[in-house]
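A short worksheet on the structure shown next.
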């Protein structure tokens, strides 16, 4: 008589609260993350800013390009909470619309840099010591040693000025740092038993790199991406301030600072208010990045 197979235990992999191993991991990460008051502050600020950016058409008192020269350089008041600029445009409305553009620049530029940097570092690290690794690292070092702002200015001056160009330029010139980090991790991970076993079973190199090894570097990539978003927003601000960013009247926060710098004496709020939002946003991304670093890797706890 054939043996009746045992009934599977539906609780396998779950604890007494019904949480699987993956759920337990994320709960533990959240618990460690929320211990940091600065990280929670940064997360709260970013949630508010992202919400404002998504619902900009509903929240902004005016369209970003609406102007009334009779209202130019008006100080903050109940009618215009952040005052008006040199063209009579409501600064609050442009801050709200600018959140959508500036955050988009940060997210897209950081995504481009992370995708290139992670793939570049993974391939170079897996083939460490080969001619491919040497060539790829020399290219990364060349980009890393060129002054970032200078390279951004040169590239953006060659290509036509637009928001998309700013995103692409920042992303294509800021990936080398992550490539070095990922390569360093691959140097140790490629010697692990599970990697050797996958190679012995005939797995293709690209499968080993992107399926077996790269997921184990995801913690570093996530933290680096979070910090890189703030860096991209600062780079966009610097480009606009020097006149190489998105052309006016697009209401990026960097463009608002640049266009208002000549009115610092008569209307300082045109420049200072976007500057406050840029500072707050970059600090929030840094706080969240630090919190994620400590939460994802308990060994990094202070």
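For the peptides 70-79, 136-145, residues were scored by their other Cβ atoms within 10 Å and the scores averaged per peptide; the highest-first order is 136-145, 70-79. Hydrodynamic analysis of the stretch 200-302 uses the Kirkwood radius over alpha carbon pairs. Inserted into Stokes-Einstein at 10 °C and 1.306 mPa s, it gives a translational diffusion coefficient of 97 µm²/s.
Between residue 87 and residue 27, the distance separating the two model label sites (each 7 Å from Cα on the Cα→Cβ line) works out to 5.4 nm.
From most to least packed by mean Cβ count within 10 Å, the peptides 226-233, 39-46 give 226-233, 39-46.
Based solely on its DSSP helices, what 222 nm [θ] is calculated for the chain when runs of n ≥ 4 H residues each add -39,500 (n - 2.57) and the sum is averaged over all residues, nearest 500 deg cm²/dmol? Each step should come with its number before you reach the end.
Details: 12 runs with 190 residues, N = 302.
Value at 222 nm, helices only: -21000 deg cm²/dmol.
Relative to the longest principal axis of the Cα atoms of the chain, the long axis of helix 176-189 lies at roughly 10 degrees.
So if the hydrodynamic radius of the chain is defined as the Kirkwood radius over C-alpha pairs, what does Stokes-Einstein give as its diffusion coefficient at 4 °C and 1.567 mPa s, in µm² per second?
59
Annotation for residue 73 and residue 51: the two label points, set 7 Å from Cα along the Cα-Cβ direction, are 3.7 nm apart. Roughly how large, in nm² to one decimal, is the mean projection of the convex hull of the alpha-carbon atoms in the stretch 71-129? Approximately 5.6 nm², given one-decimal rounding.
Tell me whether the stretch 63-175 comes out rounded, prolate or oblate; compute the Cα gyration tensor, take square roots of the eigenvalues as a ≥ b ≥ c, and use a/c under 1.5 as the rounded threshold. It comes out prolate by the Cα gyration axes. Based on Cα atoms of the stretch 128-262, Rg over Rh with Rh as the Kirkwood radius reads 1.12. Relative to the longest principal axis of the Cα atoms of the chain, helix 91-126 runs at roughly 30 degrees. Look at 205, 133 and count the other Cβ atoms within 10 Å of each Cβ; fewest to most, that gives 205, 133. Seen against the Cα atoms of the chain and their longest principal axis, helix 163-172 is set at about 40 degrees. The relative contact order of the chain, computed from alpha carbon pairs under 8 Å that lie at least 6 residues apart in sequence, is 24 percent.
Only the coordinates and a few stated rules stand behind these numbers; no lab work does. Here the structure is a predicted model, which is why all the values come from computation and not from measurement. As a convention, Cβ positions derive from the backbone with ideal geometry for all residues, glycine included, and neighbour counts pool all protein chains shown.
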